[in-house]
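Before any comments, here is the structure.
The values are calculated or read from the model by the stated rules, or taken from the named source; none is laboratory data. Being a predicted model, the structure only gives us computed values, none of them experimental. Note that we place each Cβ from the backbone using ideal geometry, even for glycine, and neighbour counts take in every protein chain shown. The protein model used for the area step is the full one, side chains on, heavy atoms only, and it has no ligands, DNA or RNA in it. Shrake-Rupley method; radii C 1.70, N 1.55, O 1.52, S 1.80 Å.
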Amino acid sequence: MRRVAENLQAVRARIAQAALAAGRAPEAVALLAVSKQQPAERIREAHAAGQRAFGENYVQEALAKMDALGDLDLEWHLVGPLQSNKTRLAAERFDWVQTVASERIAERLAAQRPAARGPLAVLVQVNVSGEASKSGVAPQATAALARAVAQLPNLRLRGLMAIPEPGDPARRRAQFRRLRELFAALVREGLALDTLSMGMSEDLELAIAEGATMVRVGTAIFGPRPAAARRPRARQASAETSGAP
Ligand SMILES: *Cc1c(COP(=O)(O)O)cnc(C)c1O
């Protein structure tokens, strides 16, 4: 597996190329490094290569890494589904929550965000594919939820996020476009939104062509997640530290 720094450079090049191809400035697309299931040392490596924003799916797993990396100036995004019994920790420890899908969760985050930390940046997650298994608010309910979240204290609604259906690129692209249209409609009615979070390792080019301002990339930066790797975790770690290929 290539080193994180090289992978990051390659991902940044893909982002720049896709932005330019879409007639957009490369700086208009932020990179979130999704570090779920990756150990803290790999986050440290990415930070040394200039990456500051990291995404995690599980609150508990993220807290351990935040504690281990407390000496670094990092920005933490929650990108996994948020249950109500975890909102307090999320409100206290994260900088962004990208997966707000109900008013109830948003209200809890608003009530539990410590004032001293400043507003929590939030995105409304939209279920653009309509799959029953996917979290997120239905497209037709998005505007009402966004308006409600925008009114809450201690939160700053920044935009929308979605995870489209895997598979057929044309369908995925249509789902990215749907999210962009929902976003544009909210901006037209006056909400001050600046973030359209869509696109991952496999499809960031499609998402950027459809207007993504933030792509969330895991595998292309850190390699396959341990759970998906064939070799056991312990062997892989020792091979890496001993410098074996
Ligand atoms: C895991 C994950 C990603 C990154 O996926 P890759 O395919 O590894 O780039 C992005 N967004 C969310 C919400 C994820 O859970």
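Residue-level check: of (1) crowded, with 18+ Cβ neighbours inside 10 Å; (2) within 13 Å of the ligand (Cβ to nearest atom), Phe94 misses just (2).
For the stretch 70-81, enumerate the residues that are open to solvent by less than 20 Å² (accessible area, probe 1.4 Å) and either on the phi > 0 side of the Ramachandran plot or in contact with a Ser or Thr (Cβ under 8 Å, 6 or more places away or on another chain) (or both). Of everything in the stretch 70-81, those that are open to solvent by less than 20 Å² (accessible area, probe 1.4 Å) and either on the phi > 0 side of the Ramachandran plot or in contact with a Ser or Thr (Cβ under 8 Å, 6 or more places away or on another chain) (or both) turn out to be Leu78, Val79, Gly80.
Conditions (1) among the basic types (Lys, Arg); (2) in contact with a helix residue (DSSP H, G or I) (Cβ under 7 Å, 6 or more places away or on another chain); (3) closer than 21 Å to Gly55 by Cα, marked per residue:
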{"position": "Ala138", "(1), (2), (3)": "no, no, no"}
{"position": "Leu152", "(1), (2), (3)": "no, yes, no"}
{"position": "Leu155", "(1), (2), (3)": "no, yes, yes"}
{"position": "Glu181", "(1), (2), (3)": "no, no, no"}
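Count of the stretch 50-69 residues, restricted to those that are under 22 Å from Ala5 (Cβ atoms), open to solvent by 30 Å² or more (accessible area, probe 1.4 Å) and more than 16 Å from the chain's Cα centre (by Cα), is 2. Looking only at residues in the stretch 24-49 that are more than 13 Å from the ligand (Cβ to nearest atom) and within 22 Å of Met161 (Cα to Cα), the one that is most open to solvent (accessible area, probe 1.4 Å) is Glu27. Within the stretch 188-215, if we keep just the residues that are β-branched (Val, Ile, Thr) and outside any helix (DSSP H, G or I), the residue that is surrounded by the most Cβ atoms within 10 Å (Cβ to Cβ) turns out to be Val215. Looking across the stretch 160-179, the residues that are out of contact with any helix residue (DSSP H, G or I) (no Cβ under 9 Å at 6 or more places or on another chain) and surrounded by fewer than 19 Cβ atoms within 10 Å (Cβ to Cβ) come down to Gly167, Asp168, Ala170, Arg171, Ala174, Arg177. Kindly indicate the residue of the stretch 216-228 that is open to solvent by less than 30 Å² (accessible area, probe 1.4 Å) and in a loop (DSSP other than H, G, I, E, B) and also modelled with the highest pLDDT among those meeting that condition. Among residues in the stretch 216-228 that are open to solvent by less than 30 Å² (accessible area, probe 1.4 Å) and in a loop (DSSP other than H, G, I, E, B), the one modelled with the highest pLDDT is Gly218. Restricting the first member to the stretch 101-130 and to residues that are within 30 Å of Ala170 (Cβ to Cβ), and the second to residues that are polar (S, T, N, Q) and modelled with pLDDT under 95, the beta-carbon pairs closer than 6 Å and six or more apart or on different chains are Ala101/Ser135.
If we scan the stretch 8-16, do we find a residue that is assigned to a loop (DSSP other than H, G, I, E, B), open to solvent by 20 Å² or more (accessible area, probe 1.4 Å) and in contact (Cβ under 8 Å) with a residue 12 or more places away in the chain? No - not one qualifying residue is present in the stretch 8-16.
For the stretch 55-160, the helices (runs of 4 or more DSSP H) that sit wholly inside it and include 2 or more residues that are more than 19 Å from Leu182 (Cβ to Cβ) and of a type in the set (Lys, Arg) are 87-93, 103-112. Return yes when Leu63 is hydrophobic (A, V, I, L, M, F, W, C) and away from the ligand (no atom under 16 Å from the Cβ) and no when it is not. Spelling it out, Leu63 is indeed hydrophobic (A, V, I, L, M, F, W, C) and away from the ligand (no atom under 16 Å from the Cβ).
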